[in-house]
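What follows is a short report on a single structure.
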Amino acid sequence: MASRTKIVATIGPASRSLSICWGVTAIVLEELSWAERVLDVGVGWAKAHGLARSGDRTVLLRGRIADRPDMRAVLTGTIE
């Protein structure tokens with residue numbers, strides 16, 4: 001059975017790590033994705049309401065991606 005190439009969209013130096021550690025082909029994007037913008041809005045809201053601060057880890061879970069019921073999105077990060 002032939003293996004499939006996995007493609008991950010990312011920004012910056014993470015693409016090299018993804019390639020080395022997971023064996024994926026990374027596509028480097030020059031701008032933020034909708035998911036990163038949503039995570040940024042959520043982090044801003046949580047910080048404004050005293051629920052998050054610098055150093056906390058965040059996770060964005062998206063049940064479905066529009067027009068792609070076969071895909072799910074998970075995005076994590078550390079608040080600066």
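Identify all residues within the stretch 19-51 that are in a helix (DSSP H, G or I) and surrounded by 13 or more Cβ atoms within 10 Å (Cβ to Cβ); write none if there are none. Matches in the stretch 19-51: 19, 35, 36, 38, 39, 40, 42, 43, 46, 47.
When the test is whether a residue is assigned by TED's automatic domain parsing to the domain that holds residue 14 and surrounded by 10 or more Cβ atoms within 10 Å (Cβ to Cβ), residue 79 does not pass it.
The values are calculated or read from the model by the stated rules, or taken from the named source; none is laboratory data. Just so it is clear, the structure is predicted and the values come from calculations on it, not from any experiment. Every residue, glycine among them, receives a Cβ derived from its backbone with ideal geometry; neighbour counts consider all protein chains shown.
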